[in-house]
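**Q** One structure follows; several queries about it will come next.
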Amino acid sequence: MTKTRLSPLQWRPLCLLPVLFLAGCTSLRPLDLPPEYTPPPADAAVWDSIGAEMTEDWHVLLNDGSTALDWRLRAIDTATDSIDFQTFLWYFDTVGAMVMDHIIQAADRGVTVRILVDDTFLVHEDDALLALAAHPNIEYRVFNPFKRRSGGVATRQLLNLAEFGRLDHRMHNKSMVVDNRVAIVGGRNIADEYFGLDSGANFRDVELLLGGQVAQDVSAVFDAYWNDRWSFPIETLSHERASAEHLDKARRATESTLNLHAELSTEELLEAWRGLVAGADTGTATLYADEPPEDNPKEAAEAPIQVANEIIKLFDNAESEILIVTAYLIPTPHLEGAVERAIERGVRVRILTNSIGSNNHLSAHSAYRNHIDTLLGHGAELHEVRTDAVDRDRYMLKPVDLKKLALHAKALVIDYDKVFVGSANLDPRSLRVNTEMGFLIESEPFNQKLRAALEDDFLTTNAWRLELQEDGKVFWVADNQVLESQPATSFMQRIEDWFFSNMPIEGEL
């Protein structure tokens, strides 16, 4: 028998396996820190002036990326006391650099800034995060972090393999509170594609800009997450050293992006706020938010107020129509049952979600495809976003000839007097795994405003209409063509879609 000898280079990967296993077996423990809270609403001239004209809570729709970016930066520029910033994803691209630049400028003038970001997409970003946290007026915390942070995505997952149960639960919330006076809540992450600036594909998304006492509801939720034992200061996680180079580079972002956002003087900012608030809606706004975990996230029980439960209640109380806009649609049994019950009561259910071509997570689309026949069979009206939507120029920087559209919005229109806008998709990950938040607005005028803003997205020039045939087949219908199979971008995409649709992973999507 011939024995095979391994060279030192061949032995090295095998020697690493026990190390990786042992590293993955040690767990991160929650951290106890003194609690910190958002200060009371700032007493600043601009807010006092707005408050004198609008004594009620108010809200406006941020329907396109350009408007959403402008008002996010204007809010930061108006800050005099505090900024609380919570998000799932923050890339340091053009939009990310612009937001960072304005935040640093606010911190430079004495504003206290607290930034809380989920750890899912922070690979290789610790040096930039440490630079931000090194600013005397900026604190940066990471929610439910990976203990071992070296390497890329695959390496980091392997090094933390033993903690999959904890790390599977993510903070999907998106909010920003300025001076405890105004807040932005909705679906947008901080990256180019959420604001129409990506050179290839961009998202159609929606948010709410809210003002008045309701902003304090958002800051209370932020405080709950900020003071959670699974929110770690970045300096307690990373052994890297902060470099002033990142801050210096960020401070120069505005110089090269003046074509994307007009910087306003103090007087111009005040006039802009007055004009915005003058046209704002004043319907009742109720914040629903999942509570952060008290112990290990994988063992967290259902909190008293869960976004998923409120959505089911909205469906069960609907009387005439439910209009659903969701990036990822994988209905849980509870949600599918609520849709079926609504239709049986005579409620019209219209749904807009991504097509196979526009969905940025093919596995999520594959799971959704397994529900198409059931939803259509119940009587729901299904529409899927076209990547070549005729009106996609509304949501991205021109020219758009070679750019594709995708959906990231999470919005509900219930009957003719309610809307819900937030961070939650209608899939198991949002409804059962991640934490989410959103606002229920009870207002007939605002219902009509959002309904009008979404109506064109359902047109066959912008979305495929799915039709169930008598023989059980599904056709995809557009204004200029009818397809007997999904509008895939390639044959390989169809193969991958088939593969994922047969995988038992729906509960994780």
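**Q** Please indicate, with yes or no, whether at least one residue in region 429-436 is of a type outside the set (D, E), more than 26 Å from R170 (Cβ to Cβ) and not assigned by TED's automatic domain parsing to the domain that holds W230. Step through it out loud before you land on a result.
**A** To start, the set of residues in region 429-436 that are of a type outside the set (D, E) comprises 429-435.
Of the ones still in play, those that are also more than 26 Å from R170 (Cβ to Cβ) are none.
Within region 429-436, not a single residue is of a type outside the set (D, E), more than 26 Å from R170 (Cβ to Cβ) and not assigned by TED's automatic domain parsing to the domain that holds W230.
**Q** Can you name every one of the strands (runs of 3 or more DSSP E) wholly within region 71-173 that holds 1 or more residues which are free of Cβ contacts under 8 Å to residues at least 40 places away in the same chain and touching a strand residue (DSSP E or B) at 6+ places or on another chain (Cβ under 8 Å)?
**A** Output list reads 112-118, 138-143.
**Q** Moving on to the next point. Confirm whether L122 is at pLDDT below 95, outside the structural domain of W273 (by TED's automatic domain parsing) and within 30 Å of R166 (Cβ to Cβ).
**A** Values: at pLDDT below 95: yes; outside the structural domain of W273 (by TED's automatic domain parsing): no; within 30 Å of R166 (Cβ to Cβ): yes.
Spelling it out, it is not the case that L122 is at pLDDT below 95, outside the structural domain of W273 (by TED's automatic domain parsing) and within 30 Å of R166 (Cβ to Cβ).
**Q** Select, from F439, F446, F475, the only residue that is touching a residue at least 24 places away in the same chain (Cβ under 8 Å), assigned to a strand (DSSP E or B) and not small (G, A, S). Outline the logic, then answer.
**A** On the way: F446 fails: assigned to a strand (DSSP E or B); F475 fails: touching a residue at least 24 places away in the same chain (Cβ under 8 Å).
It is F439.
**Q** Can you find a residue that is acidic (D, E), closer than 22 Å to G110 by Cα and in contact with a helix residue (DSSP H, G or I) (Cβ under 9 Å, 6 or more places away or on another chain) anywhere in region 41-53? Let's see the steps before the verdict.
**A** Filtering region 41-53 down to residues acidic (D, E) leaves 43, 48, 53.
Then keep just the ones that are closer than 22 Å to G110 by Cα; that gives 43, 48.
So of that shortlist, the ones also in contact with a helix residue (DSSP H, G or I) (Cβ under 9 Å, 6 or more places away or on another chain) come out as none.
Scanning region 41-53 turns up no residue that is acidic (D, E), closer than 22 Å to G110 by Cα and in contact with a helix residue (DSSP H, G or I) (Cβ under 9 Å, 6 or more places away or on another chain).
**Q** Please state which of the following conditions Q213 fails to meet, knowing it meets all the rest: (1) over 24 Å from A285 (Cβ atoms); (2) surrounded by fewer than 16 Cβ atoms within 10 Å (Cβ to Cβ).
**A** (1)
**Q** Restricting region 151-168 to residues that are within 25 Å of the chain's Cα centre (by Cα) and among the hydrophobic types (A, V, I, L, M, F, W, C), which is farthest from D118 (Cα to Cα)?
**A** The selected residue is A154.
**Q** Right, another one. State whether one or more residues within region 241-262 are part of a loop (DSSP other than H, G, I, E, B), in contact with a Leu (Cβ under 8 Å, 6 or more places away or on another chain) and buried (at least 22 other Cβ atoms within 10 Å of the Cβ).
**A** The answer is no; no qualifying residue exists.
**Q** Provide a single number: the residues in region 401-436 that are within 29 Å of D479 (Cβ to Cβ), assigned to a strand (DSSP E or B) and more than 18 Å from the chain's Cα centre (by Cα).
**A** Within region 401-436, residues that are within 29 Å of D479 (Cβ to Cβ), assigned to a strand (DSSP E or B) and more than 18 Å from the chain's Cα centre (by Cα) number 3.
**Q** Which members of region 421-475 meet the condition of being within 16 Å of I324 (Cα to Cα), crowded, with 16+ Cβ neighbours inside 10 Å and of a type in the set (A, V, I, L, M)?
**A** Hits for region 421-475 are V421, A424, L426, L431, L440, I441, L450, A453, L454, L459, A463, L466.
**Q** Looking only at region 393-407, which residues are surrounded by fewer than 24 Cβ atoms within 10 Å (Cβ to Cβ) and either touching a residue at least 12 places away in the same chain (Cβ under 8 Å) or among the aromatic types (F, W, Y) (or both)?
**A** Keep residues of region 393-407 that are surrounded by fewer than 24 Cβ atoms within 10 Å (Cβ to Cβ), which gives 393-394, 397-404, 406.
Answer for region 393-407, where residues must be surrounded by fewer than 24 Cβ atoms within 10 Å (Cβ to Cβ) and either touching a residue at least 12 places away in the same chain (Cβ under 8 Å) or among the aromatic types (F, W, Y) (or both): R394, L397, L402, K403, K404, A406.
The values are calculated or read from the model by the stated rules, or taken from the named source; none is laboratory data. All of these numbers come straight from a predicted model, not from anything done at the bench. Counting neighbours? That spans all protein chains shown, and the Cβs are built from the backbone with ideal geometry, glycine included.
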